[in-house]
Amino acid sequence: MRILRNPEKINNDITYGIIESGEGSKKLSSDFRYVFEDRLKLGDAVCFDTVGAVSGESGSEYDMYICCAYDHEDAVRSLSAKGFVYGKDFLFAEDFFCLLDDWKNSEIAYKAHSGDLIGCLKAIMFGYAAKHGIVLPEDPHRDILTEKHLPANNSHAVQRFFHALYMIPALIEAFPRIFANRKDYGDYDHICFYSVSDAVKFRNDHTELAYKVITVEELKAHTMASLYMKAVYSDRRQNSCSCDVPFNTLWIGRNGTTRLCDCPDFLDISLGNIGVTGTSEVWNSTLAKIIRLSVINNTYTFCSRNLCGKLSGDKEQTLLLERRAVSEYDHPLNINVANDYVCNLHCPSCRKCIHAKNDENEETEIRCCIDSLFESGWLEKADKLLVGGGGEAFLSGNYKRVIYGGSEKRNSITIMTNGTLFTEEEWEKLQGKYESISFMVSVDAAGKETYEKVRCGGSFERLMKNMDFLSELRRLNKVDSVKVIMIVQKANYTEIPAFIRWAKDKGFDGVSLSHIRNWGTYDDRDFYENVSMFDMSGNMKPELAEVLADPVCMDPMVNTSWKAQ
């Protein structure tokens, strides 16, 4: 039935009335208005029962209507009975979603990571899939975005087969562009790189073409926004969570990729790369607005209901909740800088080997990302800066540049650290640069033997000395808050009560207990059998529940990443 395939067929010169048809249509019309209010001229929303005859027959003020309905067939039957013709008098809201795919019809030149054929093929494959609205088998959001393009069988063999099918037309369409001569770049709307470092280098070497440079990651986000919109628009799952993090928080990870959440595992959708694209363009992007819509309408479509403690344990419902009122800002109030992987430890929960130094490409990507942050002025505007996720804050020169940089006194900083390198010398450089200074220290153990198992490469004696110094700073109120973290796993869960008592004795403000997640350092079977204290369904193992029955675990200073079971 759909007649609209391309955005150029949509008339932007007229004002559209909105028809709400059927149960839940008020939610749909509000969703549509929130995302499209700056793209279309939208009139009032009216209930189907109050809609008059077709424009021209009774002097309707609108030449065309947009129908918002879960049941399209029923809406067509009802509107047809009133003389409305689909495509002439009304369209469905979904017909306009193609407007959100900003780069769908662009001419794109694909450039691979320097001489890397695999990277080149991945760039072509993802670029082609994004432009044509295809969700690849390996896309982590395939179940959310679509149910039409993939077979029910998710076996590895079937995925690889469909992968190959997608590659054939992709190669035919894009292969000639891989070897495009430099003189031809001006003929393309965008120049797409698989490698962020190559994108940065090209942009620096060709300043006149810098505005055309994008990464595959961004291409995917900008050309598949319609699928994300469809997912949140049609979603009926409701959760009474009161989270508003996507409206005030920007997480910046490796290579400069961004998320609208404190933790990328909780909301794993990239908005783009601030090392390549401007900070404001990322923060105010179409995809950012769609993600925020999932908060306003209480669907939390893209959030992990298993990992996020704000969502897990809450009963989902299909009864639509009242929409939430939230404040929106032109810049993030909370900035979480987690884009450097270097660390002096190599904990099994995080990595398989030590990564104490970045290579040239990694340094290029990180520096460019931080340059962009400084240029934006956001580090001074932010209410709260959090630095150190993913690596060690006091080893990384990039993190130190963020922490100690800038001439103006900033509002607040929380430093995530393993504590082994935080010394009096570091404190001397830090004090006075912020109105408020807090620490989150990953310790993971209450004793030396366990510590050396779970925090490989660390010195327990050195850590305890530094924690004593931090305890004294807290006692003197030179530090506003100190929280200690334990990544709960089979190797350390029995020490939870002792860990909490140690934190209380030191005068720290909080204890964070987080269940370990598999970041690719374990195979799944080994992880759930021998590492995690939760099974594959997220249920707590009885041994952990028994330890948590200790009264000290009920102390208000204790926070867990899971809800009580």
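The values are calculated or read from the model by the stated rules, or taken from the named source; none is laboratory data. Nothing here was measured: the structure is a model prediction, and the numbers come from that model. We place every Cβ from the backbone using ideal geometry, glycine too, and count neighbours over all the protein chains shown. Quick note on the areas: whole protein, heavy atoms, side chains included, nothing else; ligands and nucleic acids left out. Shrake-Rupley method; radii C 1.70, N 1.55, O 1.52, S 1.80 Å.
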Residue in region 509-520 that is more than 22 Å from residue 308 (Cβ to Cβ) and outside any loop (DSSP other than H, G, I, E, B) present: no
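I'd like to check something: does region 359-369 contain any residue that is in contact with a strand residue (DSSP E or B) (Cβ under 8 Å, 6 or more places away or on another chain) and surrounded by fewer than 23 Cβ atoms within 10 Å (Cβ to Cβ)? I'd like the intermediate steps shown before the answer.
Going through region 359-369, the residues in contact with a strand residue (DSSP E or B) (Cβ under 8 Å, 6 or more places away or on another chain) turn out to be 369.
Right, trim to surrounded by fewer than 23 Cβ atoms within 10 Å (Cβ to Cβ) and you get none.
Scanning region 359-369, I find no residue that is in contact with a strand residue (DSSP E or B) (Cβ under 8 Å, 6 or more places away or on another chain) and surrounded by fewer than 23 Cβ atoms within 10 Å (Cβ to Cβ), so the answer is no.
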Test: residue in region 203-223 that is at pLDDT 85 or above, within 28 Å of residue 99 (Cα to Cα), among the aromatic types (Phe, Trp, Tyr) and under 27 Å from the mean Cα position of the chain (by Cα): yes
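Just to be sure, is residue 560 of a type in the set (Ser, Thr, Tyr) and more than 24 Å from the chain's Cα centre (by Cα)? Give the steps one after another, and end with the answer.
Numbers: of a type in the set (Ser, Thr, Tyr): yes; more than 24 Å from the chain's Cα centre (by Cα): no.
Against the criterion (of a type in the set (Ser, Thr, Tyr) and more than 24 Å from the chain's Cα centre (by Cα)), residue 560 does not qualify.
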Region 327-349: number of residues that are open to solvent by less than 40 Å² (accessible area, probe 1.4 Å) and either under 24 Å from the mean Cα position of the chain (by Cα) or within 17 Å of residue 261 (Cβ to Cβ) (or both): 12
Among (1) open to solvent by 20 Å² or more (accessible area, probe 1.4 Å); (2) closer than 21 Å to residue 372 by Cβ; (3) modelled with pLDDT under 90 - the single one residue 272 does not satisfy: (1)
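Considering only region 543-555, I want to know if a residue exists there that is in contact (Cβ under 8 Å) with a residue 24 or more places away in the chain, within 17 Å of residue 304 (Cβ to Cβ) and either of a type in the set (Lys, Arg) or surrounded by 11 or more Cβ atoms within 10 Å (Cβ to Cβ) (or both).
At the first step, the residues of region 543-555 found to be in contact (Cβ under 8 Å) with a residue 24 or more places away in the chain are 543-544, 547-548, 550, 552-553, 555.
Within this subset, residues satisfying the condition of being within 17 Å of residue 304 (Cβ to Cβ) are none.
Checked region 543-555: no residue is in contact (Cβ under 8 Å) with a residue 24 or more places away in the chain, within 17 Å of residue 304 (Cβ to Cβ) and either of a type in the set (Lys, Arg) or surrounded by 11 or more Cβ atoms within 10 Å (Cβ to Cβ) (or both).
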Scope region 205-220; condition closer than 15 Å to residue 185 by Cα and either in a helix (DSSP H, G or I) or of a type in the set (A, V, I, L, M, F, W, C) (or both); matching residues: 205, 207, 208, 209, 210, 211, 212, 213, 214
Residue under evaluation residue 78, criteria (1) part of a loop (DSSP other than H, G, I, E, B); (2) over 18 Å from residue 227 (Cα atoms); (3) open to solvent by 10 Å² or more (accessible area, probe 1.4 Å), criterion not met: (1)
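Yes or no, residue by residue, for (1) of a type outside the set (A, V, I, L, M); (2) modelled with pLDDT of 95 or more; (3) surrounded by fewer than 16 Cβ atoms within 10 Å (Cβ to Cβ); (4) touching an Asp or Glu at 6+ places or on another chain (Cβ under 6 Å):
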| residue | (1), (2), (3), (4) |
| --- | --- |
| 416 | no, yes, no, no |
| 423 | yes, no, yes, no |
| 434 | yes, yes, no, no |
| 440 | no, yes, no, no |
| 452 | yes, no, yes, no |
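Do we have any residue at all in region 191-198 that's more than 16 Å from residue 104 (Cβ to Cβ) and in contact with a Leu (Cβ under 8 Å, 6 or more places away or on another chain)? Give the steps one after another, and end with the answer.
Here is the first cut: in region 191-198, the residues more than 16 Å from residue 104 (Cβ to Cβ) are 191, 193-198.
Checking which are in contact with a Leu (Cβ under 8 Å, 6 or more places away or on another chain) leaves us with 191.
Checking region 191-198: at least one residue is more than 16 Å from residue 104 (Cβ to Cβ) and in contact with a Leu (Cβ under 8 Å, 6 or more places away or on another chain).
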Members of region 295-310 found to be over 18 Å from residue 336 (Cβ atoms) and either touching a Pro at 6+ places or on another chain (Cβ under 8 Å) or open to solvent by 30 Å² or more (accessible area, probe 1.4 Å) (or both), listed by number: 305, 306
Odd one out for residue 464, checked against (1) surrounded by 15 or more Cβ atoms within 10 Å (Cβ to Cβ); (2) touching a residue at least 12 places away in the same chain (Cβ under 8 Å); (3) at negative phi: (2)
Those residues of region 383-404 which are assigned to a loop (DSSP other than H, G, I, E, B), in contact with a helix residue (DSSP H, G or I) (Cβ under 9 Å, 6 or more places away or on another chain) and not hydrophobic (A, V, I, L, M, F, W, C), in sequence order: 388, 390, 391, 392, 396
Which listed residue, of 226, 197, 242, is assigned to a loop (DSSP other than H, G, I, E, B) and either open to solvent by 20 Å² or more (accessible area, probe 1.4 Å) or of a type outside the set (Lys, Arg) (or both): 242
Condition broken by residue 470, with the remaining ones in (1) touching a Phe, Trp or Tyr at 6+ places or on another chain (Cβ under 7 Å); (2) free of Cβ contacts under 8 Å to residues at least 60 places away in the same chain; (3) not hydroxyl-bearing (Ser, Thr, Tyr); (4) not in a helix (DSSP H, G or I) satisfied: (4)
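If you scan region 282-294, which residues turn out to be within 26 Å of residue 29 (Cβ to Cβ) and either without any contact (Cβ under 8 Å) to a residue 12 or more places away in the chain or open to solvent by less than 30 Å² (accessible area, probe 1.4 Å) (or both)?
285, 286, 287, 288, 290, 291, 292, 293, 294, listed by residue number.
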